[in-house]
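The values are calculated or read from the model by the stated rules, or taken from the named source; none is laboratory data. Since the structure is predicted, the reported quantities are computational estimates derived from the model, not experimental observations. Every residue, glycine among them, receives a Cβ derived from its backbone with ideal geometry; neighbour counts consider all protein chains shown.
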Amino acid sequence: MQLTQYGCFIDGVWAPASSGGYVEVLDPATGSLIAEIARGREADVDAAVASARQALPAWADSLPAQRARLLAAIARRILNEQEELARLESLDTGKPLQQAQADAVAAARFFEYYAGIADKVQGASIPIGTEFFDFTVREPMGVTAQIVPWNYPLQIACRGIAPALATGNTVVVKPAELACLSVLALTRICHEEGLPAGVLNVVTGLGHEAGAALAAHSDINLLVFTGSVQTGRNVMRAAAENIVPVLLELGGKSPNIVLPDADVDAIAPLLLKAAFPHAGQTCSAGTRVLVHRSQHKKLVERLSALLKTLKVGPGLQKPDIGALVSRAQQQKVEGYIDLARQEGATVIQGGVWQGDTDMAAGSFVMPTILDDVGAGMRVHQEEIFGPVLSIVAFDDEDEAVRIANATEYGLVAGVWGKDVGATHRIARRVQAGQVFINCYGAGGGVELPFGGYRKSGFGREKGLDALLSYTQVKNICIRIES
Ligand code: NAD
């Protein structure tokens with residue numbers, strides 16, 4: 001089989017990185033080489049930013065209705081190619097094909113949604129007396145730099161690109177080296193649908209090379225970063241040098257709180273589903289279940305029984321749990337399961353691959369429940385980013401809230417119970433950017449604002465709130481001659 005080599009996409013042209021180097025892309029289910037991506041570096045980032053800068057005035061001044069039409073056409077193409085995009089995403093990231101199919105539909109939704117908004121970004125007139133006419137306009141930020149992680153490359157790229165383009169910004173994307181083939185396919189689609197050269201540029205490569213060069217670039221106007229807390233800290237520091245605003249979407253350790261009157265039989269499958277999307281490699285996964293002590297034993301029994309039914313395997317075979325993205329990620333997760341044992345948690349099923357030996361080349365981890373977890377344990381505090389769900393018992397509402405808020409994160413929370421007053425009181429007290437009551441949407445649809453409290457980041461993506469992130473307000477005041 002001929003190996004596909006992908007270049008960077010700069011100024012409307014695909015080309016190898018200026019250094020000529022490539023990075024290998026592996027199938028996490030088999031460990032085999034599936035493609036090579038260009039190893040872009042500072043010179044490629046410079047060229048991409050220069051192209052985005054040059055394209056900016058014409059794109060920012062283009063008719064909003066024209067931008068809307070183009071975004072709508074891209075959405076249709078994504079839907080037409082959804083099967084191929086999903087196959088690529090599943091192969092590259094290891095995630096189950098049915099989850100990748102949902103990602104492809106969500107990707108199209110981002111373009112549909114922001115296509116509908118492109119010509120409705122309005123300002124206000126402000127009454128300050130008859131001598132003046134004062135009004136505001138929302139202008140694009142300018143050149144946006146967008147650094148994307150490997151877990152949901154297609155969705156997260158679309159989450160940033162669609163609102164940026166709709167509001168007249170140009171874009172330079174640095175996708176993750178571990179998985180980005182779907183982002184390159186999306187770029188091809190945008191180009192084929194007629195997006196002008198320079199409006200969207202993509203520099204592939206390593207985080208500490210291309211990513212760091214982009215974050216530190218002096219000619220960007222907004223830095224949109226999704227990834228880990230540590231890298232978020234680094235890119236924020238780099239952007240601070242140039243006084244570039246940042247939008248940070250970081251990690252999570254989201255709680256699902258099960259109240260005494262919750263229907264445990266009905267919700268147990270939903271709690272597992274909330275915890276294990278993309279084998280738990282999801283920032284908004286509900287990885288902690290906080291259960292009222294009266295329901296603890298019953299819930300653990302239900303969850304343990306369901307855990308045994310989950311099918312683990314290569315993403316393209318539509319399992320419940322696919323491979324983790326890399327061997328390093330697999331080892332990290334296995335390390336956390338060992339740590340849980342050392343910390344005194346009860347490990348149910350437990351980590352290391354127990355299936356066919358011919359799958360040992362893939363980075364699989366058995367889905368795992370950690371029971372009897374204490375709020376102070378590291379496995380309760382830290383983002384494991386694998387198929388590991390921890391369970392903590394609580395005695396009353398105050399304790400539930402205290403444990404829910406006892407991590408550095410604050411991305412999503414779920415509350416389950418019949419007492420509307422109790423669920424709502426908890427929703428108000430939980431520190432999280434999104435709270436679901438008797439449902440769990442792991443980030444929710446494109447219409448719902450999404451972002452973190454505390455170390456889960458700041459700024460909001462999705463929904464109408466994203467327009468605040470991708471535009472800046474200009475106030476214009478005119479003195480009227482009497
Ligand atoms: P990561 O921080 O290692 O990498 C994210 C991106 O940053 C990649 O493109 C990488 O190449 C790049 N990068 C790495 N080092 C860099 C540097 N020094 N300068 C600039 N760029 C650099 O994160 P990851 O491991 O790819 O993703 C997992 C993390 O992302 C988890 O913590 C997860 O919770 C978080 N995440 C958050 C959201 C959200 O919306 N809140 C969504 C998905 C993932």
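Would you check which residues across segment 253-277 are more than 18 Å from R402 (Cβ to Cβ) and touching a Ser or Thr at 6+ places or on another chain (Cβ under 7 Å) and list them? Step through it out loud before you land on a result.
We begin by selecting, within segment 253-277, every residue more than 18 Å from R402 (Cβ to Cβ); these are 261-277.
Within segment 253-277, just A275 meets the criteria.
Working carefully through the options D372, D419, D395, find the one that is of a type in the set (D, E) and on the phi > 0 side of the Ramachandran plot. Every option except D372 fails the conditions.
Picking from residues in segment 249-291 that are closer than 24 Å to V224 by Cα, in contact with a Gly (Cβ under 7 Å, 6 or more places away or on another chain) and of a type in the set (S, T, Y), the one that is nearest to the ligand (Cβ to nearest atom) is S284.
Consider segment 380-406. How many of its residues are polar (S, T, N, Q) and either surrounded by fewer than 24 Cβ atoms within 10 Å (Cβ to Cβ) or touching a Gly at 6+ places or on another chain (Cβ under 6 Å) (or both)? Lay out the reasoning, then the answer.
Filtering segment 380-406 for residues polar (S, T, N, Q) gives 381, 390, 405.
Keeping just the survivors that are either surrounded by fewer than 24 Cβ atoms within 10 Å (Cβ to Cβ) or touching a Gly at 6+ places or on another chain (Cβ under 6 Å) (or both) gives 381, 405.
Count: 2.
Of all residues in segment 281-306, those satisfying the criterion of being surrounded by fewer than 19 Cβ atoms within 10 Å (Cβ to Cβ) and under 20 Å from I384 (Cβ atoms) are S304, L306.
Taking G463 and the conditions (1) within 16 Å of the ligand (Cβ to nearest atom); (2) at pLDDT 95 or above; (3) within 30 Å of G123 (Cα to Cα); (4) buried (at least 20 other Cβ atoms within 10 Å of the Cβ), which numbered condition does it fall short on, given that it satisfies the others? Unmet condition: (4). Applying the set (1) of a type outside the set (G, A, S); (2) buried (at least 22 other Cβ atoms within 10 Å of the Cβ); (3) in contact with a strand residue (DSSP E or B) (Cβ under 7 Å, 6 or more places away or on another chain) to H278 leaves exactly one unmet item: (3). Take segment 366-381 and flag every residue that is of a type in the set (A, V, I, L, M) and at pLDDT 95 or above. Within segment 366-381, I369, L370, V373, M377, V379 meet the criteria. Looking only at residues of segment 365-376 that are in contact with a helix residue (DSSP H, G or I) (Cβ under 7 Å, 6 or more places away or on another chain) and farther than 24 Å from P260 by Cβ, we find that the one that is surrounded by the most Cβ atoms within 10 Å (Cβ to Cβ) is V365. Filter segment 382-424 down to the residues that are closer than 26 Å to D338 by Cα and either at pLDDT below 95 or of a type in the set (D, E) (or both), then identify the one that is nearest to the ligand (Cβ to nearest atom). Ranking the qualifying residues of segment 382-424, first place goes to E383.
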